[in-house]
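The values are calculated or read from the model by the stated rules, or taken from the named source; none is laboratory data. Since we're looking at a predicted model, the values are computed, not measured. So basically every Cβ, Gly included, is an ideal-geometry build from the backbone, and we count neighbours across all protein chains shown.
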């Protein structure tokens, strides 16, 4: 569905969540987690990322497995029960087809796709059961203190579909079939519950927080300083050696369009190029608060993997 709160910031993007730190807005959970890990003043929570090159490599490989392997979003959604009431809502089905790039969530389509989706998912369960968790470790990178970023990257889509009633056949997906995987997910649930309880404190009351409307959030973002600065005129912030940069002749200040290539492909964000390297692209968008409410600019960050960058405004 269109997201008017994001449209106020000049961001035509469909997926959630988004993260704002100052006047920088970060798309895609993968990039958001990395940015949160980099915050020097984030003392409220321990770092979750690996400290060794080997651990960091495994985190990135698990990230790719989740986005490109047997737990892709379009594949996982094929496993949802076809008799869910939502699938009888034609407007919802049309919206999801647009979000999934033309994949229709109709009962007959989902039933045809289900065997292949189950096979792909079983391959992922089998991978974890027989390799990374085979030695009985608590967490992907070892240790007993709690889950890390590698666990989050590997687990979140599995956790989601396992907890949808009727999505998976118990004869093929259960603690009896994959005891180590299900025990791992149970430990994760317990760790989340413990962290939530610790945040509540002795009085079991949640910490105070201010709930903002979409308009209030947009104004707060627009009135904030930039979180990341890129020096004007510094050519290296747009990597001339990048294959896409070289092929399109991109330079800082060029108008470009950025969009995801798997889901939400219709949500294309247009702005001026600020920075681009092998991991991340940054563009500046013009806000539109409407009704004479003024504008301003925000910096929008997206990961390179899973996103396309095209020069101009008429990207197809």
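Assorted remarks:
- Just one of the listed residues (59, 120) is in the same structural domain as residue 169 (by TED's automatic domain parsing), in contact (Cβ under 8 Å) with a residue 60 or more places away in the chain and more than 23 Å from residue 267 (Cβ to Cβ), namely 59.
- The residue that is surrounded by the most Cβ atoms within 10 Å (Cβ to Cβ), counting only those in the stretch 71-98 that are over 19 Å from residue 111 (Cβ atoms) and under 23 Å from the mean Cα position of the chain (by Cα), is 71.
- Of the candidates 264, 271, the single residue that is surrounded by 15 or more Cβ atoms within 10 Å (Cβ to Cβ), over 30 Å from residue 105 (Cα atoms) and touching a residue at least 24 places away in the same chain (Cβ under 8 Å) is 271.
- Per-region count, the stretch 153-164, residues more than 17 Å from residue 122 (Cβ to Cβ) and surrounded by 20 or more Cβ atoms within 10 Å (Cβ to Cβ): 1
- Every residue from the stretch 12-28 that is at pLDDT below 90 and buried (at least 19 other Cβ atoms within 10 Å of the Cβ): 13, 14
- Residue 44 being modelled with pLDDT of 80 or more and not in a helix (DSSP H, G or I): no
- Odd one out for residue 129 among (1) without any contact (Cβ under 8 Å) to a residue 40 or more places away in the chain; (2) more than 19 Å from residue 60 (Cα to Cα); (3) surrounded by fewer than 19 Cβ atoms within 10 Å (Cβ to Cβ): (1)
- Residue among 142, 102 that alone is modelled with pLDDT under 95, under 22 Å from residue 80 (Cβ atoms) and not assigned by TED's automatic domain parsing to the domain that holds residue 260: 102
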